[in-house]
Amino acid sequence: AYSNHLRATAAAGRLLGFPTIGVVRGDELAHRPLNPSLARCAADGMRLHFVDRTTYRAKASPEVLEGLLSLFGDVEVIPEGGSNALAAQGCAALGRELRGHTDVAAVACGTGGTLAGLAAGLDGGQRALGIPVLRGGFLGAAVTALQREAFGG
């Protein structure tokens, strides 16, 4: 359970003064010493909630999301990898910042959110290149869906 996204969220919560909850895959970890990544999250004030691997695999299902909302109340759920319409809209600023500075902007991609926004922010003559770090051929469809949700069309 090493997650740069959990660490960034915990740090943002500490710096900006809002509470954070991290849902961590592996309920067997709940009674073990925290690894350095999770220890940093806890030190930054994140409440860690461990779930079994079956529940974690179904994390986007309505049942699991409803369970988390009933457990934690009125929270904003950030999906694994941070990819959603808001993330893509925010990452469009990256593309706008690169206008006129490069022909191709390349990024490593886990869930596609950064690429979706980056590509949307670039000028027509520029291209975005996503290099998937996971297997499965999911990236094109994920980026298209995120762009549709974030920017319409």
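Would you say residue 30 is assigned by TED's automatic domain parsing to the domain that holds residue 106, in a helix (DSSP H, G or I) and either farther than 28 Å from residue 145 by Cβ or modelled with pLDDT of 95 or more (or both)? It would help to see each step written out before you state the result.
Working: assigned by TED's automatic domain parsing to the domain that holds residue 106: no; in a helix (DSSP H, G or I): yes; either farther than 28 Å from residue 145 by Cβ or modelled with pLDDT of 95 or more (or both): yes.
So residue 30 fails the test.
Is there any pair with a first residue in segment 99-128 that is assigned by TED's automatic domain parsing to the domain that holds residue 89 and a second that is loosely packed, with under 12 Cβ neighbours inside 10 Å and at pLDDT below 95 whose Cβ atoms are under 6 Å apart and which are 6 or more apart or on different chains, and what are they?
108/131; 108/133; 110/133
Could you say whether any residue in segment 78-95 is in contact with a Phe, Trp or Tyr (Cβ under 8 Å, 6 or more places away or on another chain) and under 17 Å from residue 5 (Cα atoms)?
Within segment 78-95 (the criterion being in contact with a Phe, Trp or Tyr (Cβ under 8 Å, 6 or more places away or on another chain) and under 17 Å from residue 5 (Cα atoms)), the answer is yes, since at least one residue qualifies.
Count, please, the residues in segment 40-71 that happen to be touching a strand residue (DSSP E or B) at 6+ places or on another chain (Cβ under 8 Å) and either of a type in the set (S, T, N, Q) or touching a residue at least 40 places away in the same chain (Cβ under 8 Å) (or both).
2
Which pairs have Cβ atoms under 7 Å, sit 6 or more apart or on different chains, and link a residue in segment 134-153 that is of a type in the set (Phe, Trp, Tyr) to one that is assigned to a helix (DSSP H, G or I)?
That search, which allows pairs on different chains as well, returns 151/120.
Output the residues belonging to segment 43-57 that are among the basic types (Lys, Arg) and modelled with pLDDT under 95.
53, 57, listed by residue number.
Over 30 Å from residue 128 (Cα atoms) and surrounded by fewer than 16 Cβ atoms within 10 Å (Cβ to Cβ): does that describe residue 44?
The answer is no for residue 44.
The values are calculated or read from the model by the stated rules, or taken from the named source; none is laboratory data. What you are looking at is a predicted structure, and each value in this text was computed from that prediction instead of being measured. Virtual Cβ from ideal backbone geometry, glycine too; neighbours counted across all protein chains shown.
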